[in-house]
Structures are given as C-alpha cells and as structure tokens.
Amino acid sequence: MKTYKKYIAAIALCLAFTDCSKNYLNVTSPSNVDDNFVTSTTTETFKSLSWCYANYRQNCIMSSYRWNDPVGSDAEYYPESGSTNNLNAQLHTDLLPVDYATPGFTALYQTLALASRLANIIATKPAYIADAAAGKTSDWTQLYGEATTMWAFCYFELIQHFGDVPYGYENTVVTNYALSSRFDIYDNLISALQKAEPLMYPIGTGNIGADRMSRSFCDALIGELALFSGGYQTIRTDMPALYGSVTFTQKSNVANGCVYARRTDYLKYYAIAKTWFLNAISNAGTAHLITVDTRTTSNNPFQRHFQYFHDLQVSPESLLEIGNIQGGTLTTTSEYPYAFGRPSDGGSSNAAPCKTFDALRIIPTVYYGEYDKADHRRDASATVTASNGDGNEKMVTFVPGSKSAGGIATNKWDENRMSPPYVAAQRNSGMNWHILRMADVILMLAEVKAELGDGDAITYLNQVRARAFGNVNHNLAVSGQALKDAIYEERKLELLGEGQRRWDMIRSGTFSTRAIAVQQDMAALVADLKAQGYHTFANGNVMSNYIWIKKVALTNPLTYDCASTDTLTNFAAYPAWRGQYNYSTLAAVSAKVVGTTHNVAIQGLFTYIDPAGPVAASLVAAGYTKTNWGIDLVNNYTVYQQNILSGILTASDPPRYYYALPSVIISTSNGKITNGYGLPQQ
C-alpha cells in the first residue's frame, strides 16, 4: 500500500467534516512536508486526522448506498426495479463484478493507513509519552486514541462487508497479500482500543463532541467488536486453516463454500461486550438518551434526536455523527439525507424542496403490522407522503421507482423540517447523520445481558420503550427467549432505516428464517389484497387496494404530533410528522409554489372502505379522489419479491452478504487469496 503522504495528496484535506464554526476546517495538504511538521502541534496533527473523517464520509460509507446496510433486511428494501444498486441487499452479491466495491474497500484502507500512521507518530512524541505514563488525559493522548479508534473502526467495516481481509499491511510496500482471520483481527482491535481508551476524553470534555471519536464512542466500539465477534456470521469453509483453533456451532447448511455459524466460546465475547457497553454509558459524558422534549410544537423525545440534524446541530443522543457543511466554498455532499431522506420530486436546484431520491423504503407489513398504535416512533420513522417540489405534499405510490414512487418512505431525514430548508441545490442540505446513538447502545447492552442471563436486561429494554410511548404503561415483563425476541423487535422499531436491522438479523442467527418469514408475510398481504381488496393485521390495522385523498389547507402545513382526536377527525394530520414547510415564505422559491391547499387528507389508510359502497360515494361527493394504494403493490409484486431478500430461498441457506475482495488483492497475493462465498474471482 502507498504511504500516508500520497493518500493526503490524492484527496484534499479541505474536505472538512463538521460544522463550519470550527477553525480546523481551513486546512491545507501537508503532502510536501515531513512527519515532524504534521505532528508539530496538536492542531496540525488534527488537521491530518480530519482527512480521515472526510475520506470516510465522502469515499467509504456511501459506497453502494452505505454498503446496502439500510436496504437489505426484513424491515427495509430498495425501491427500484432492475437496478444493480441493491444486489447485495437482495443477497445476490455473486452477480456483481469482482471490483464493484473496490472504491469503498480502497478508501477504508486509505483511511485506516493514515490513522495508523498518525497514531504511531504520536506514540513517539515526548509529550504523549509523559502524559500516558502519568495516566493523564491530554490533547495528545486524545489524538492517539482518536486515531487508533478510527483505525479500528475502518477494520470493523471491512470485516462486516468483506469477511476475512488482509490485516496489518498499512504503511508498508506489499507484494504478497494474505488473509487474516476476522476473529484474530477482532481480538487485536479490542486489545488496541482497551489500551487507548483510558486516556481519551468523554463527550463534552476536552472540546470533544459527538462529531469526533471520543472515549464514549471507543467504549461502545469495543462492545460492538466483541458482540460481532461472538455473534452469528457467515464464515468460509473452503480455507480450513483460516480460523485456527476457533470452533463453531453451525446454523445452516454448507453451501458455496460457506456456512452460517457462531464461535462456541461466544459467551466470553458477550461478557466483554457487556463490560464495554456499560462503560460507554458510564463514560458518556454529556451524551444521553433524550427523554424530554421541550418544544412547543410537539412532545416526541424520539423524534427530537433527528430534529437536531435538521437544525444543523449535533444531537446529545449521538455518540458519533458524520458532519456536513451547508453551502459555500466548504460544502460537503449531504448524500445520506438525499439517499435515505423523505422523498421529493423537486428539481436538482431551487425547488420546494429539492429532489430527494430515497433509496430506503419500509416494508408495508412492518409499517402496518408491527408498530403499536400508541408508539410515537412509527410516524417519525416512516411516511406515506412525499414532496412534489412545488410546496405541495403528495402520496407515495407502490409503483417501483424512486422519489415519490417506490413505496412507504423513511422519515428520519426530511428537508421540510429544516428552518429554513436549503433550497439552492440537492445533496447540499448540510444535515448530519449518526453512526451510533445512545438508544442503540442501551439495546445492545440489553441484548448481551439477555444472552448472558442477567436479570436486569428487561430494564434496559423498557428504558427505550418508555421513551417511545411516553409512559411505562407499555413496559414488558418477559424472560428467556421471549425477552431476546422482544429486544430484537425493539431494535427493529427503534432503529428503522438506520442500517442496523440487517446486522441484528445476521448476529442473532435468524437471518434466513426471518427472510423467509417476511417473504411469507408479504405473500399473505398480497394474496388478501388480490382476493378481497384488503388485509387485516393482528394489531387491527387494515391495508386496502384503494385510499381516498383530498388536497386541503392547514394553518401550518408542516404537521407534528397528532392530537388525540386527529386519528378520527383530522385526516390531513394523521398519520403525523408529514406535510410541507411553508415555502411561500422563502423568496428564492416562493414563485414556484403552486396553489394554497398544500396538504393531503387521507381516508382509508388504516381501515377498509368498499369502493362500491356508500362511504366511498360520500367521500367522492366531498371532493376526495379514489387513489391506487395496495393495488399497485399487487400489480408490481414480482419486483418486491426480487427486492426483499430474494437470495434466501430456504431457512437453512447461509446468508451471503459480503462483497468480493478486489481483483488486485487476489492477483497480488500469489495464490494466497481467493474470493469465497461463491463470489467472482475476476
């Protein structure tokens, strides 16, 4: 691999990674200077480290739509027909070219190489040596830990998306690669982070926020590394010596040179994970689970976390956020809100709001069937309406596609909720997105405690549920396998669209069984829609072939929480958390706003209305229009069958979710490296 200086030369350091109030955004490339200058002061050192954050955001994470993590589960799918963008999400990665994921693979190694180089240089600094020996946390020890954490984090992502990978070659000239066991890598990463962690700043101290890797995040990352090492995963069977003395319990058949399995000593790693998740909570600093919402517009602490992104602020619930800059000469690509935000059919610039593609959609059986009606998370997480780009709300459709087509959409990033929305250009909103937040950590702690048999696991589960419902009336009292199932279900509802469900399914050993289950649920839904025009879910919700909609005017066209009567009387406000920003107040786009009835009132969304009956006739008389809903799902069902985990055919199939190692790695290994899992070699 190339030296770190060449990496710096390749990508400008001025790709800054957090809000524009920080002076370290104005950085220059040190490609023509030596190590001593790069680490002459903590400020200069951080300028180099900031490149790692920038390269991660711009070139690592959004490769292939965040590696398909948010769109390949039993809750989420990709909306287009015939696209190759989601073959990994479908579990058909073997159909992708061998070098499909090379850009992201290379960028991760570039990032960890520079991070490793910086950590090694810092470790020789007299100031660092003195502070570390004294057990004193300082800016130098923080930078060492931060660089080490970045290094480990990138290796974690490589293991997640490629399996066993080359390890330890950074900043050396390599002509003969070999693979390392992921389990050995996990052990090495955990050990390195445990040494670095004590001398890092928690969030809120040492001028460290959630936009940088802190002691708080490092603790949680150690927990995640241990949890993933101990969890189920698909491993290779075509390289018998790769995993050394590690033994496994199989969960699937052996196929394509791989098997779904878990190491037999997994409880050791769950115990490590428990310790470090507890440390993440105790060392959280100013980070916390948001349980109070003081806004006058609403009382939804769950949604409050996401509103911080829209307000261009760092959320106090985040342990790590990826930052963006809105507009100006330092603009960074706000790809995540564009790719996974609430959809808009607006143009690429000067629209109300601008285009949002939204490659992330919510499986209708989850939206309709799995949320309790009192759960405040459903409407803040998913929506049935989009933006038209002219200041008006419109229904999404189940016709495959993007923007307003493609099905029920994610709702955690919505440019309408900015104040004001950024309307100059798409992909430039400046909204952040999180890598890890406190609710995720709390539920992972509940997960490992439940597996270890700790009696207080339910306490952590109910802590998140109480926030979701606004009271303790929906707390659970379960144990054993029912508790484990409840924790995974809670994670599904809490973290919907955040890219975690896919890994929960894998780690729990239930990926293939859950894939078959959601395929069967969808088949039952479509069968009922086809046979009788509606399907009734166990929670009482009904999805029908048709709904009735009407454009109406609200005093405030951007809606928030529903009043208790809204579910029965205000069909433009229920479901909640939709509508439009009042774009007529923005001079840049006010001329593009069409009409005055900007909101959509919806009837028949959760109850069946007979299209030939008197209720339908009265709605038409009142100005409502009969509109396709479930019937579009029926007519396009083959696309949904393909997009929702179609690579799993039986519950005994090993899930193949890895990307191929790049051809250059194979060709330079002198036969030591091949692609496993039935993936292409060239």
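The values are calculated or read from the model by the stated rules, or taken from the named source; none is laboratory data. A quick note: this is a predicted structure, and the numbers were derived from the prediction, not measured. Neighbour counts are summed over all protein chains in view; Cβ atoms, including those assigned to glycine, are modelled from backbone coordinates with ideal geometry. All accessible areas refer to the heavy atoms of the entire protein, side chains included, with ligands and DNA or RNA removed. Shrake-Rupley method; radii C 1.70, N 1.55, O 1.52, S 1.80 Å.
Consider D521 carefully, then state whether it is touching a His at 6+ places or on another chain (Cβ under 6 Å) and surrounded by fewer than 23 Cβ atoms within 10 Å (Cβ to Cβ).
no
Tell me, please, whether a residue that is open to solvent by less than 10 Å² (accessible area, probe 1.4 Å), under 30 Å from A587 (Cβ atoms) and polar (S, T, N, Q) can be found in segment 326-342. Yes, some residue in segment 326-342 is open to solvent by less than 10 Å² (accessible area, probe 1.4 Å), under 30 Å from A587 (Cβ atoms) and polar (S, T, N, Q). The residue that is nearest to V423 (Cα to Cα), counting only those in segment 550-572 that are aliphatic (A, V, I, L, M) and free of Cβ contacts under 8 Å to residues at least 24 places away in the same chain, is A563. Residue count for segment 150-180, restricted to those that are buried (at least 20 other Cβ atoms within 10 Å of the Cβ) and small (G, A, S): 2.
Here is a yes/no grid of residues against (1) under 21 Å from the mean Cα position of the chain (by Cα); (2) more than 19 Å from G604 (Cα to Cα):
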| site | (1), (2) |
| --- | --- |
| N350 | no, yes |
| D358 | yes, yes |
| H376 | yes, yes |
| T383 | yes, no |
| S419 | no, yes |
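Restricting attention to segment 49-106, the residues that are surrounded by 20 or more Cβ atoms within 10 Å (Cβ to Cβ), more than 19 Å from the chain's Cα centre (by Cα) and part of a helix (DSSP H, G or I) total 5. Scanning segment 351-402 for residues being surrounded by fewer than 24 Cβ atoms within 10 Å (Cβ to Cβ), of a type in the set (A, V, I, L, M), under 19 Å from A572 (Cα atoms) and out of contact with any Pro (no Cβ under 9 Å at 6 or more places or on another chain) gives a total of 2.
Scan segment 614-637 for residues that are of a type outside the set (S, T, Y) and within 15 Å of G604 (Cα to Cα) and report the count. Lay out the reasoning, then the answer.
In the first step, residues of segment 614-637 are kept if they are of a type outside the set (S, T, Y); the result is 614-617, 619-623, 626, 628-636.
Retained after the next criterion (residues that are within 15 Å of G604 (Cα to Cα)): 614-617, 619-620, 622-623, 626, 628-631.
Residues that pass the stated criteria total 13.
Take G455 and tell me if it is part of a loop (DSSP other than H, G, I, E, B) and in contact with an Asp or Glu (Cβ under 9 Å, 6 or more places away or on another chain).
Numbers: part of a loop (DSSP other than H, G, I, E, B): yes; in contact with an Asp or Glu (Cβ under 9 Å, 6 or more places away or on another chain): no.
For G455, the condition - part of a loop (DSSP other than H, G, I, E, B) and in contact with an Asp or Glu (Cβ under 9 Å, 6 or more places away or on another chain) - is not met.
When segment 475-496 is limited to residues that are of a type outside the set (A, V, I, L, M) and surrounded by fewer than 16 Cβ atoms within 10 Å (Cβ to Cβ), the one that is nearest to the chain's Cα centre (by Cα) turns out to be E489. In the set I516, I547, only one residue is touching a Leu at 6+ places or on another chain (Cβ under 6 Å), touching a residue at least 60 places away in the same chain (Cβ under 8 Å) and among the β-branched types (V, I, T); that residue is I547.
A count restricted to segment 642-675 and to residues that are assigned to a helix (DSSP H, G or I) and either of a type in the set (D, E) or under 23 Å from the mean Cα position of the chain (by Cα) (or both) stands at 2. Does any residue of segment 33-43 turn out to be part of a loop (DSSP other than H, G, I, E, B), open to solvent by 10 Å² or more (accessible area, probe 1.4 Å) and either basic (K, R) or modelled with pLDDT of 90 or more (or both)? There is at least one residue in segment 33-43 that is part of a loop (DSSP other than H, G, I, E, B), open to solvent by 10 Å² or more (accessible area, probe 1.4 Å) and either basic (K, R) or modelled with pLDDT of 90 or more (or both). Could you give every pair whose Cβ atoms fall below 7 Å, whose first residue belongs to segment 647-666 and is farther than 17 Å from V98 by Cβ and of a type in the set (D, E, K, R), and whose second residue is outside any loop (DSSP other than H, G, I, E, B) and open to solvent by less than 10 Å² (accessible area, probe 1.4 Å), counting only separations of at least 6 or pairs across chains? Within 7 Å, the pairs are D653/S512.
Within segment 627-634, can one find any residue that is outside any loop (DSSP other than H, G, I, E, B), farther than 30 Å from D74 by Cα and open to solvent by 10 Å² or more (accessible area, probe 1.4 Å)? No, segment 627-634 contains no residue that is outside any loop (DSSP other than H, G, I, E, B), farther than 30 Å from D74 by Cα and open to solvent by 10 Å² or more (accessible area, probe 1.4 Å). Scanning segment 237-249 for any residue that is in contact with a Cys (Cβ under 7 Å, 6 or more places away or on another chain) and either at positive phi or open to solvent by 10 Å² or more (accessible area, probe 1.4 Å) (or both) turns up at least one such residue. One residue alone among A130, A147 is open to solvent by less than 30 Å² (accessible area, probe 1.4 Å), assigned to a helix (DSSP H, G or I) and of a type in the set (A, V, I, L, M), and that residue is A147.
When G499, G533 are checked against the criterion of being at pLDDT 95 or above, open to solvent by less than 10 Å² (accessible area, probe 1.4 Å) and over 21 Å from D372 (Cβ atoms), a single residue qualifies: G499. The selection criterion, being in contact (Cβ under 8 Å) with a residue 24 or more places away in the chain, surrounded by 14 or more Cβ atoms within 10 Å (Cβ to Cβ) and within 28 Å of L649 (Cα to Cα), holds for A261. Of the residues N670, N636, which single one is of a type in the set (S, T, N, Q) and at positive phi? Criteria check complete, one pass: N670.
For segment 308-325, the set of residues classified as open to solvent by 10 Å² or more (accessible area, probe 1.4 Å) and part of a helix (DSSP H, G or I) consists of Y308 only.
Residue-by-condition table, conditions (1) touching a helix residue (DSSP H, G or I) at 6+ places or on another chain (Cβ under 6 Å); (2) modelled with pLDDT under 95; (3) over 24 Å from E317 (Cα atoms); (4) not hydrophobic (A, V, I, L, M, F, W, C):
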{"position": "A439", "(1), (2), (3), (4)": "yes, no, no, no"}
{"position": "V448", "(1), (2), (3), (4)": "yes, no, no, no"}
{"position": "L461", "(1), (2), (3), (4)": "yes, no, no, no"}
{"position": "A468", "(1), (2), (3), (4)": "yes, no, no, no"}
{"position": "S479", "(1), (2), (3), (4)": "no, no, yes, yes"}
{"position": "A486", "(1), (2), (3), (4)": "no, no, no, no"}
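The number of residues in segment 269-307 being assigned to a helix (DSSP H, G or I) and touching a strand residue (DSSP E or B) at 6+ places or on another chain (Cβ under 8 Å) comes to 3. Among the conditions (1) under 20 Å from R236 (Cβ atoms); (2) touching a residue at least 60 places away in the same chain (Cβ under 8 Å); (3) open to solvent by 30 Å² or more (accessible area, probe 1.4 Å); (4) in contact with a Leu (Cβ under 9 Å, 6 or more places away or on another chain), T137 misses just one, which is (1).
If you check every pair at least six apart or on different chains, which have Cβ atoms under 9 Å apart with a residue in segment 60-83 that is at positive phi and at pLDDT 95 or above first and a residue that is open to solvent by less than 20 Å² (accessible area, probe 1.4 Å) and of a type in the set (K, R) second? Taking only residues 6 or more apart or on different chains, the pairs are N68/R502.
Summed over segment 270-300, residues that are touching a Lys or Arg at 6+ places or on another chain (Cβ under 6 Å) and without any contact (Cβ under 8 Å) to a residue 12 or more places away in the chain total 1. Kindly establish whether I602 is outside any loop (DSSP other than H, G, I, E, B), touching a residue at least 40 places away in the same chain (Cβ under 8 Å) and buried (at least 20 other Cβ atoms within 10 Å of the Cβ). Taking the combined requirement at face value, the residue satisfies it. When segment 633-682 is examined, which residues are found to be at pLDDT 95 or above, of a type in the set (S, T, N, Q) and within 18 Å of G163 (Cβ to Cβ)? The answer is S663, T674, N675, Q681.
Within segment 549-591, can you find the residues that are in a strand (DSSP E or B) and open to solvent by 50 Å² or more (accessible area, probe 1.4 Å)?
Let us first name the residues in segment 549-591 that are in a strand (DSSP E or B), namely 549-552, 558, 579.
Listed by number, the residues that qualify are K550, K551.
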